[in-house]
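Here is the structure we will look at, set down as structure tokens.
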Amino acid sequence: MMDYKYVYEVYRERSFSRAAKNLYVSQPALSATVKKIETRLGFQIFDRSTSTLELTEEGKAYVDAAEKILKIEENLSSYVNDISNLNAGKIVVAGPAFFSSFIIPSIVNRFAALHPGVTLEFMEADSVELYEKAMDNKIDLIVDSGICDPKLFTSADLFTEQILLAIPLNYPIVNRLRDYALSNEDICENKHLLPQTKGIDLTLVRDLPIILLKKDHDIYRKAKALCSERNFSPKSSIRLNQMLTAVNIASQGLGCVFISDSLIKHSHSAVNLAFFKIDTKEENLLKREVFIAYKKNCHLTRAMKSFLSVASDLFRPSVGSGARRPA
């Protein structure tokens, strides 16, 4: 609706003829339009009895309101332009504790260097809670691994994690299995991915305490399936929400734990532990994708697209071989 712009141009030029020229309309058409506006409003905007075109008292209020509207439009246009050029905007990025501590910051570091005007907010929570918040539009992007409902979310893979078994160094079985044991350095060098590296039969640890995550977690399902393949159910009195917490507890000698190689590579929590490749007929049970997910059919802003691109570029060299340490 152009009414206020027509009126404001007449006010600014103090002339119908000059305003008409600026607006690319004829003077009679502009005069008729302003007259219709005044009739609709029920008051005169311009005092036509004076030698120069002046505003009535009501006209001054109208023009004041028009100036405010024009300023809002100008600010909005400027902001939209900034968003389009990634000089403004906001993204809420979230993930479980491990990803929030070690994976997301590396992406953010590069993204912020490219787009310092975009505000980044972080949220850390259990995986189940993250997806609930994303459905409520409180989170834009989730960095996670395991299961993502394709009916509700779109996901883009970043890299593949390998699942290993960690056993406290003070457990006697570690000495018996020393030919299979891998150190932190071995994992960082991807020795666990070599075909000549042998895995252990999980039957050997069936009588040991195993720290598990809660049932909603993908790593819990993989742990149960790996043990079931060997016809036993893991002995567990501890159920946790975060793998990082589980590893901290295992490091204190309170049980074995199924752990991802990316956590070993990035976290300093995986200490006092020996790591073992797992022998299985179902190799897919040892792998899980780390991805960025967002609500299906949501509006993917340019900032979100750029964040996805930065993350993909950062981890592309390591797809299929575990997460590398970002430079």
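The values are calculated or read from the model by the stated rules, or taken from the named source; none is laboratory data. Everything numeric in this text was worked out from a predicted model, so none of it was measured. Virtual Cβ from ideal backbone geometry, glycine too; neighbours counted across all protein chains shown. Please note that ligands, DNA and RNA were not included when accessible areas were found on the heavy atoms of the full protein model with its side chains. Shrake-Rupley method; radii C 1.70, N 1.55, O 1.52, S 1.80 Å.
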Considering Ile107, Ile45, which residue is surrounded by 17 or more Cβ atoms within 10 Å (Cβ to Cβ), under 30 Å from Ser260 (Cβ atoms) and modelled with pLDDT of 85 or more? Ile107
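Please note which strands (runs of 3 or more DSSP E) are completely contained in the stretch 110-199 and include at least 1 residues that are in the same structural domain as His266 (by the TED database) and surrounded by 15 or more Cβ atoms within 10 Å (Cβ to Cβ). Walk me through how you get there before you give the answer.
Working: elements: 119-124, 141-145, 153-168.
Of the strands (runs of 3 or more DSSP E) lying wholly inside the stretch 110-199, those with at least 1 residues that are in the same structural domain as His266 (by the TED database) and surrounded by 15 or more Cβ atoms within 10 Å (Cβ to Cβ) span 153-168.
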Residue pairs meeting the criteria (Cβ under 9 Å; at least 6 apart or on separate chains; first aliphatic (A, V, I, L, M) and modelled with pLDDT of 90 or more, in the stretch 302-327; second open to solvent by less than 20 Å² (accessible area, probe 1.4 Å) and not in a helix (DSSP H, G or I)): Leu308/Leu141; Leu308/Ile292; Ala311/Leu141; Ala311/Val143; Ala311/Leu158; Ala311/Ile292; Leu314/Leu158
Answer from Ala88, Ala19, Ala61 - the residue that is surrounded by 13 or more Cβ atoms within 10 Å (Cβ to Cβ), within 30 Å of Leu120 (Cβ to Cβ) and among the aliphatic types (A, V, I, L, M): Ala88
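Quick one: in the stretch 100-125, which of the residues that are among the aliphatic types (A, V, I, L, M) and within 11 Å of the chain's Cα centre (by Cα) is nearest to Ser309 (Cα to Cα)?
Pass one, the stretch 100-125, residues among the aliphatic types (A, V, I, L, M): 103-104, 107-108, 112-114, 118, 120, 123, 125.
Checking the rest, the ones that are also within 11 Å of the chain's Cα centre (by Cα) come to 104, 107-108, 120, 123.
On the way: Ile104: 14, Ile107: 10, Val108: 12, Leu120: 16, Met123: 21 Å.
Filtering first and then ranking leaves Ile107.
Right, Ala293: over 20 Å from Arg176 (Cβ atoms), in contact with a Cys (Cβ under 7 Å, 6 or more places away or on another chain) and in contact (Cβ under 8 Å) with a residue 40 or more places away in the chain or not? Spell out the reasoning first.
Details: over 20 Å from Arg176 (Cβ atoms): yes; in contact with a Cys (Cβ under 7 Å, 6 or more places away or on another chain): yes; in contact (Cβ under 8 Å) with a residue 40 or more places away in the chain: yes.
Here the answer is yes, as Ala293 does meet what is asked.
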